[in-house]
Amino acid sequence: MACLVVDDEPRLRRVLVRLLEGEGFQCQEAGSGVEALQVLEQHAVPLVISDLRMPEMDGVALLREIVSRWPDIAVVVVTAVAEVESAVACLQMGALDYVAKPFHLDEVRARVTQALDKRRLILENHNYQQHLEDRVAVQAHRIEEVFLEGVQALVQALEEKDAYTRGHSARVARYATGIARQLLLDAEAVDTIALGSELHDIGKIGVRESVLYKPGKLTDDEYRHIMEHTVIGARILGPLMRDAPGALAIVRSHHERMDGTGFPDRLAGETIPFLARIVSVADSFDAMTSARPYRPGFVVQHAVRELQDGKGVQFDTVVVDAFLAAFADVTALPLPTPRLHPVRLPAHALEARRA
Ligand SMILES: [Fe+2]
């Protein structure tokens, strides 16, 4: 094993080198801290034995450099008896042991062996921790995947029941992430939007089917019941998504309106979570361009006009503009069903059916 002996007194250095070579070490030598650093930059050395008092760069400064640049090196400092305080300071800084001058060779031998043992234990512990952290990270990732697979299966099951909403969540995710990118939101926000969009209507599993798929006009009570899917969704996902409050906010607030008349909390303007405002536009656009039992899907131009008209009332103006910029080529949109003739519905009926 290689080691480095640092001392400005050549005689003492030789004594240490001879001793360590007798123990099977291959020794490098340095007369100062600066020289020692030059050696360490060139060679991988697991053990350094260093005097404290040296010209140019003393042992304390050398130790500080070693601890910050090569934390795996074991350092044993050599001190005069009068320097015990500095020796203790060195231990606090990361030296593994110290030897007081004048020293017995047996003592040096014992300290060096002990320091190397300590180093080995520290490295083993470090590797073990690293290994554990890696395993925990893999498991956490897997748990997240399983969770996503589970909720995606739920969304799919929900959409399978209703031909009119098939693929809705995936299209909303596509529109909403397109808006987010247009607004230059960071990758984390885009991921949050994707997750929130996939799950935004999950609460509909708690809505009575007779109401959810009712072909005719909804009563006020029925409309309110459908809108409860925002609260139900947030309640179902709440315990599972403590780490994803942004996505949860999308589930709860995607039917809020800028004018404060939305569901479920009647939030207005800036108080509506921004990501939910984005999903609201994406959701509305897809709902409008999807066919319903009681009407065909709107043509794109008509849906765009509805978004324009809803700026500042139902929708965030910035978000609508970003949507129109992101999907400027409306003919390239992944529309759900063949578009039929535009149908003008009264605004309140549109809102009710959008749920
Ligand atoms: Fe919804």
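Quick note: the coordinates plus some simple rules give every number you see, no bench work behind them. Values in this document were obtained by computation on a predicted structure and should not be read as measured data. Virtual Cβ from ideal backbone geometry, glycine too; neighbours counted across all protein chains shown.
Each residue of the stretch 234-249 was assigned a 3J(HN,Hα) from its phi angle through the Karplus expression (A = 6.51, B = -1.76, C = 1.60, θ = phi - 60°), giving 5, 6, 5, 7, x, x, 7, 10, 4, 8, 10, x, x, 5, 5, 5 Hz with x at Gly and Pro.
Strictly greater than 17 Å: what percent of every Cα pair in the stretch 196-271 meets that? That fraction is 47 percent. Could you list log10 I(q)/I(0) for the stretch 73-123 at q = 0.21, 0.25 Å⁻¹, which the Debye formula gives when each Cα is one point scatterer? Result of the Debye calculation: -0.71, -0.94.
With viscosity 0.692 mPa s and temperature 37 °C, the Kirkwood radius over alpha carbon pairs of the stretch 176-323 converts through Stokes-Einstein to a diffusion coefficient of 210 µm²/s. Taking a ≥ b ≥ c as the square roots of the eigenvalues of the Cα gyration tensor, the stretch 131-241 is classed as prolate, since a/c reaches at least 1.5 and a/b is larger than b/c.
From the alpha carbon centroid of the stretch 241-315 to that of the stretch 152-206 is 12 Å. Considering the options Leu12, Gly216, Ile49, tell which one lies farthest towards the positive end of the dipole of the chain, charges being +1 on Lys and Arg and -1 on Asp and Glu at the Cβ, about the Cα centre. Checking the options against the dipole of the chain, the answer is Gly216. Per residue of the chain, the DSSP helices (runs of n ≥ 4 H) give a summed -39500 (n - 2.57) that works out to -18000 deg cm²/dmol at 222 nm. Among Leu183, Leu52, Leu212, the largest mean-square fluctuation in a Gaussian network model of the chain, built with springs joining Cα atoms closer than 10 Å, belongs to Leu52. Close amide H pairs (under 5 Å, H built 1.01 Å from N) link Val99 with Val77, Val78, Thr79, residues at least 5 positions away or on another chain. What's the angle, to the nearest 10 degrees (0 to 90), between helix 168-182's Cα axis and the longest principal axis of the chain? Once rounded, one gets 60 degrees.
Would you be so kind as to identify which of Ile73, Ala89, Gln114 lies farthest towards the positive end of the dipole of the stretch 46-151, taking Lys and Arg as +1 and Asp and Glu as -1 on Cβ and the Cα centre as origin? Checking the options against the dipole of the stretch 46-151, the answer is Gln114.
Taking N as the residue count of the stretch 16-108, its C-alpha radius of gyration divided by 2.2 N^0.38 Å amounts to 1.01.
Amide H to amide H, with H built 1.01 Å from N, Arg292 comes under 5 Å of Gly297, counting only residues 5 or more places away or on other chains. Counting only Cβ charges, +1 for Lys and Arg and -1 for Asp and Glu, the dipole size of the stretch 257-331 around its Cα centre is about 240 debye. At q = 0.18, 0.22, 0.28 Å⁻¹ the log10 of I(q)/I(0) for the stretch 38-88 amounts to -0.57, -0.83, -1.20, computed by Debye summation with a single uniform scatterer per C-alpha, solvent ignored.
In a reduced charge model with +1 at each Lys and Arg Cβ and -1 at each Asp and Glu Cβ, the chain shows a dipole moment near 1680 debye about its Cα centre.
Would you mind counting up the charge near Ala244? Only other residues with Cβ under 12 Å from its Cβ, with Lys and Arg at +1 and Asp and Glu at -1. That sum, taken over residues with Cβ under 12 Å, equals -4. Rounded to the nearest 20, the Cβ-based charge dipole of the stretch 166-239 about its Cα centre (Lys and Arg +1, Asp and Glu -1) stands at 300 debye. What chymotrypsin sites (Phe, Trp or Tyr not before Pro) does the stretch 216-310 have in DSSP loop regions with at most 15 other beta carbons within 10 Å? For chymotrypsin sites (Phe, Trp or Tyr not before Pro) across the stretch 216-310 that sit outside H, G, I, E and B with at most 15 neighbouring Cβ atoms in 10 Å, the list reads Tyr294.
Restricting the count to DSSP beta bridges whose residues both fall in the chain, what percent are antiparallel, rounded to a multiple of 5? If I count the DSSP bridges inside the chain, around 5 percent turn out antiparallel. Between 0 and 90 degrees, the angle of helix 274-289 with respect to the longest Cα principal axis of the chain falls at about 40 degrees. Ordering of 320-327, 276-283 by packing is 276-283, 320-327, highest average first (other Cβ atoms within 10 Å, averaged per residue). Using the Cβ-Cβ distance between Val313 and Asp191 with R0 set to 35 Å, the FRET efficiency works out to roughly 0.75.
The C-alpha atoms of the chain define a longest principal axis, and helix 33-42 lies at about 60 degrees to it. The mean of 1/r over all distinct Cα pairs in the chain, once inverted, gives the Kirkwood hydrodynamic radius of 25.4 Å.
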